[in-house]
Amino acid sequence: MRVAFVGKGGAGKSAISGTFARLLARRGHPVLAIDSDPLPGMAYSLGLDRDDAPLPDEAIEDRPDDEEGPRYRLRAGLSAAEAVERHAATAPDGVRFLQFGKIRTDPRALFRSQLAFRQIIKELPDDRWHLVGDLPGGTRQPFTGWGAYADTYLVVVEPMAKSLLSARRLARLASAAERPVQVLAVANKVSESGDAEMVARRSGLEVVASVPLEPAFAAAERAGRAPLDLVPESAAVGAVSLLVDRLDRQPLRGAAT
Ligand SMILES: Nc1ncnc2c1ncn2[C@@H]1O[C@H](COP(=O)(O)OP(=O)(O)OP(=O)(O)O)[C@@H](O)[C@H]1O
Ligand SMILES: [Mg+2]
């Protein structure tokens, strides 16, 4: 499975993607969580206490002059899979966590780290990890560039006008993507019975999960804890678990599992 969560800022991408990654790992799958948002997000919802662990400088080198491509690359001999094995953080439930590097890092080191991050997600083997991504808010490049590793996009939508508008735009962008992608909606912060139907009708997307409004999610964030650890029995975590069940039928890309 290669999924990425997209949607308007604040819709709940980080809270849901981190929870999703851990629940998928609990089903026995190798999971690589990928956070390409330069602002903090997925680390907290996975239950990591650090949000900034960019690739170390020794994993990266200048690209030789006679080679095409960006200025920096992974050190010669270091494959994308090895870079993950060695340098990705390990979150609870064994989820490996790769991130883009946060903007408080020294700018040059950050630039090097980001190019290497991009190389890794481009060159990851198909049969090693299930990928679960948290993409930055908005419509910029979710289906190309940073988000191109995914083949299923889950648009997190709040049952509110602006969020619904963003979902419609994302659906349109997806239909114009150069490669075939699947786009599904996750209704989040749902509090009324008609909310999920409204999201389906107004976004034009199939709603594959309906996550209730759960005040403890915000409390978890304030406490710096994963929602899954603070309120494991909540209906909201239950809804994310159903979403994992629903998508878990997809095999690792390229592998006959
Ligand atoms: N189902 C929910 N019920 C209540 N609060 C929620 C729920 N899902 C997310 N939240 C809260 O909404 C806020 C935004 O969530 P989150 O950070 O996951 O959104 P995001 O889409 O990743 O935002 P950004 O675009 O800024 O990265 C957080 O305070 C989070 O705890
Ligand atoms: Mg986020």
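Derivation of every value follows stated rules applied to the coordinates shown; laboratory data play no part. Values in this document were obtained by computation on a predicted structure and should not be read as measured data. Here Cβ is always computed from backbone atoms with ideal geometry, including for glycine, and neighbour counts include all displayed protein chains.
Quick notes on this structure:
- Based on C-alpha pairs under 8 angstrom that are at least 6 apart in sequence, the chain has a relative contact order of 26 percent.
- Lysine pair number, Cα distance threshold 16 Å (strictly under), the chain, separation 8 or more or different chains: 5
- GluC sites (Glu not before Pro) restricted to the stretch 19-74 and DSSP loop, no more than 13 other C-beta within 10 Å: Glu67, Glu68
- Cα gyration tensor, the stretch 174-255 - rounded (a/c under 1.5), prolate or oblate: oblate
- Per-residue ellipticity at 222 nm from helix content only, as computed over the chain with -39500 (n - 2.57) for each DSSP H run of at least four residues, stands at -10500 deg cm²/dmol.
- GluC sites (Glu not before Pro) within the stretch 138-245, DSSP loop, no more than 13 other Cβ atoms inside 10 Å: Glu178, Glu192, Glu206, Glu233
- Trypsin sites (Lys or Arg not before Pro) within the stretch 122-161: DSSP coil, no more than 15 neighbouring Cβ in 10 Å: Arg140
- Close amide-amide hydrogen proximity is noted between Tyr72 and Arg63, each under 5 Å apart and 5 or more residues distant or on a separate chain (H modeled in the peptide plane; Pro and chain starts excluded).
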